[in-house]
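No value in this document is a laboratory result; all are computed from the given coordinates. Quick caveat, the model's predicted, so the values are computed rather than measured. All Cβ positions, even for glycine, are placed from backbone atoms using ideal geometry, and neighbour counts span all protein chains on display.
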Amino acid sequence: MRVLLLSDIHANLVALEAVLRRTPAYDAVWCLGDVVGYGPAPNECVARLRGLGALTLAGNHDVAAIGNAPLEVFRSGARLALEWTRRVLTPESKAWLAALEPKRILPEHHLTLVHASPRDALWEYIENEHVASENFPHFETDMAFFGHTHQPIAYRLRETEKILRTAILPESKPLPLEPKLLLNPGSVGQPRDGDPRAAFALFDTETQFITPYRMEYDIAAVQRAMANANLPHRLIARLAQGA
């Protein structure tokens with residue numbers, strides 16, 4: 001099975017549609033959370049994933065958008081965007097988001113899916129080898145896929161207990177997956193690694209290879225929609241910066 005692996009769409013429908021439309025053939029869609037927040041099309045992104053029957057996790061922005069996490073924990077721009085998102089979400093979107101969980105274990109694929117980290121599925125950022133090393137004891141499967149940091153990266157635990165950090169770049173060959181591994185496909189709608197293109201991956205469950213991708217989309221169109229919704233200027237500007 002070929003799985004389209006997404007994370008951190010953040011209500012960016014233009015980016016999501018570009019990925020869905022132009023990605024090579026896939027059999028299923030998995031999303032590692034944060035469907036909403038920041039961007040101008042939360043209901044549309046929810047509807048798109050619902051229509052695809054995507055296996056979707058809850059992210060911290062999803063939880064906050066339906067009132068199940070305090071907005072005070074978010075920075076000012078994110079908080080303002082979440083306040084707007086709370087106002088525009090439909091009852092149907094809220095109900096769908098409320099049914100999501102931040103963690104799923106797929107024993108048939110020897111895989112754990114989380115939004116943030118195996119240790120703290122909603123909030124912890126795995127941004128360095130030290131935090132990665134502390135998370136390996138918190139999942140029993142061969143691999144764990146995570147999101148939340150908006151940066152494509154992989155951490156391998158070697159037999160020597162040494163952590164090998166590998167940037168997941170679209171120019172590289174498909175990456176063979178082997179125990180023990182933590183992997184982030186990057187963000188579809190809010191990349192933060194200096195590359196504004198949508199980041200995602202294709203995961204082949206049979207060959208156990210993952211292929212990273214970056215895809216251009218109409219950033220200016222999303223920025224106009226955000227401006228029309230009076231979303232914070234800093235959030236609008238950073239889309240073009242990938243930061």
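Listed values, structure above:
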quantity	calculated
Packing-based order for 40-46, 100-106, 53-59, using average beta carbon neighbours within 10 Å, highest first	40-46, 53-59, 100-106
Cα-based Lys proximity count in the chain, under 27 Å, for pairs eight or more positions apart or on separate chains	5
Stretchable slack from LEU164 to THR207, in nm (0.36 nm times residue separation minus alpha-carbon distance)	13.3 nm
Using alpha-carbon coordinates, inclination of helix 42-52 to the longest axis of the chain, degrees	50
Nonlocal amide H pairs with HIS148, under 5 Å, H built at 1.01 Å	ASP8
Per-pair calculated FRET efficiency, R0 = 22 Å: GLU127 and ARG22 via Cβ, rounded to 0.05	0.15
Spatial separation of Cα centroids for region 217-243 and region 40-56, in angstrom	20
Average Cα contact separation per residue, the chain, under 8 Å, 6 or more apart, as relative contact order %	23
Charge dipole magnitude, Cβ of K and R +1, D and E -1 - the chain, Cα centre, debye nearest 20	660
Two-decimal log10 I(q)/I(0) for the chain, as the Debye equation yields it once each C-alpha is a single scatterer, q = 0.08, 0.09, 0.10 Å⁻¹	-0.26, -0.34, -0.42
Within region 134-243: Cβ-based charge dipole about Cα centre, in debye rounded to nearest 20 (Lys, Arg +1; Asp, Glu -1)	520
Furthest towards positive pole of dipole, ALA201, MET215, ASN230, structure part region 169-243, Cβ charges	ASN230
